[in-house]
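Peer 1: Sharing a structure, written as structure tokens. Questions coming.
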Amino acid sequence: MEQNNNSQSINDMLPPELITQILLRLSVKHLGCVKSVSKLWNNLISDPNFAKSHFELSLAPSHRCIFIPEVTIDHRSIDLDALSHATDADAAAATITKIPPSDNYSDDDIVLGSCRGFIALYQYPHFFVIWNPLTGSHRIISCHHIAKISDMATNSYYSFGGEVLFGFGYDATRDDYLVVLGWNDKKENKEGHLDFFSLRSNSWSSFIIPDQIKWRKNWTPSVFYNGAIHWLNHDGDYDAIVTILVFDTSKRKGLLEIPVPERVGKDYPCRLTVLGGCLALYYDNDKYDYDYDKCVIWVMKEYNVQSSWTSYEIPSSNFEPVYLSEDGDFIGFDESDGMSKYNVRGELLLRFDRPCDQVGYFSYTVYTESLLILPNDGSEEKEGYVTLSFYALLCGILALLILLYAVMMDEVF
């Protein structure tokens, strides 16, 4: 069919290199707005190489917290960046439905951690799901062959009493994601085993953990930070923290240890997290017979340097920090399943209603939105360049320039 004279390739109006550089500087949210301008832009934004560059170069990464309740398959996430400037938690919330595969959903499904926009979940009885909530890219991994995990066919995750380490992380040297399991084999001289699954090679590997490094108990989720997976190591009971265990995802050779703050009492239940780009831990909000008139947050300002641990106190017995805003404010869960915002001096700035209408128990994780796909997922077949009407082309260019101007203004202010 003969094309209209006013139709031409978008590539004739703007060089592809310029379009790419402009799009790389837009947020994930803005990219979604311009993806439908043309198939050229859609193909570019959908390209795995573009997604990787965008994640690494993004000027304004989007941080969200996803809630996985135990009584429904409809999940909610909340935009933490928007929440830091909002007065209503629901204003920053969005609905995400059906964790894949939804047919296998169980109230024992829990969040294990996040990395580069992907969320790792344990799905009863012996599966892991790695899932990008933004793109839908996901992989289901079976671990039924591992001796310790095979018992989960008749026992829930919580019945293992902290004897299994679960972790999820990224190996930048191989562009690979790893699911990690650590467990003690009580039938074979109590040897410590560490198994990890490579999503790039689609295979499991394992090794024996040296006797000099043993975990006692681990009751809290892992944290991926600084190229390694971290766990709190508890000595027997839940409340006796000993050290932090570290698994380097690029070396893949064993477990290391880094020190906890000297002033952290050995009888305080803690949880590990990342706040403001630093490894952090805080006294948990479970009710024990200790003095819980405040929440103490420890932030490791310099990685693996014990003297760099810095403490902050929040005057709330139930506060559980999930995010440190650019303004230096702590946002987290508080009493009555609500959320609160405190400054670093411990002054209450704002209290939000119960987030995302969640009632009862839920697991959660904070993640950075990305367009990334998993290794070997491939990408959709790309079509050729497309022509647009002259007026549609101008509208697309105008929208792109407006978004670029908005990004520049955000940087200025």
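Peer 1: Based only on other Cβ atoms within 10 Å, what is the fewest-to-most ordering of Tyr342, Tyr303, Tyr170? Mind dumping the intermediate values first?
Peer 2: Numbers: Tyr342 25, Tyr303 12, Tyr170 20.
Least to most surrounded, the residues fall as Tyr303, Tyr170, Tyr342.
Peer 1: Hey, fewest Cβ within 10 Å first, where do Ser38, Ser205 land in order? The partial results should precede the final answer.
Peer 2: Details: Ser38 21, Ser205 12.
Going from sparsest to densest Cβ surroundings: Ser205, Ser38.
Peer 1: Could you please rank Glu302, Glu369, placing first whichever residue has the fewest other Cβ atoms within 10 Å of its Cβ?
Peer 2: Details: Glu302 12, Glu369 22.
So the residues, fewest neighbours to most, are Glu302, Glu369.
Peer 1: Which entries in Lys29/Lys251; Lys251/Lys341; Lys52/Lys251; Lys39/Lys341; Lys251/Lys294; Lys35/Lys251 show an alpha-carbon gap greater than 32 Å?
Peer 2: Details: Lys29/Lys251 35 Å; Lys251/Lys341 39 Å; Lys52/Lys251 22 Å; Lys39/Lys341 42 Å; Lys251/Lys294 39 Å; Lys35/Lys251 38 Å.
Over 32 Å apart, Cα to Cα: Lys29/Lys251; Lys251/Lys341; Lys39/Lys341; Lys251/Lys294; Lys35/Lys251.
Peer 1: Which order, highest average first, do 113-121, 16-24 follow once you tally other Cβ atoms within 10 Å for each residue and take the mean per peptide?
Peer 2: Numbers: 113-121: 23.7, 16-24: 14.7.
Top to bottom by mean Cβ count within 10 Å: 113-121, 16-24.
Taken together, the values in this text are just the output of simple stated rules run on the coordinates, not laboratory data. Owing to the predicted nature of the structure, the values given are computational and were not obtained by experimental measurement. Quick reminder, even Gly has a Cβ in these numbers, built from the backbone with ideal geometry, and neighbours come from all protein chains shown.
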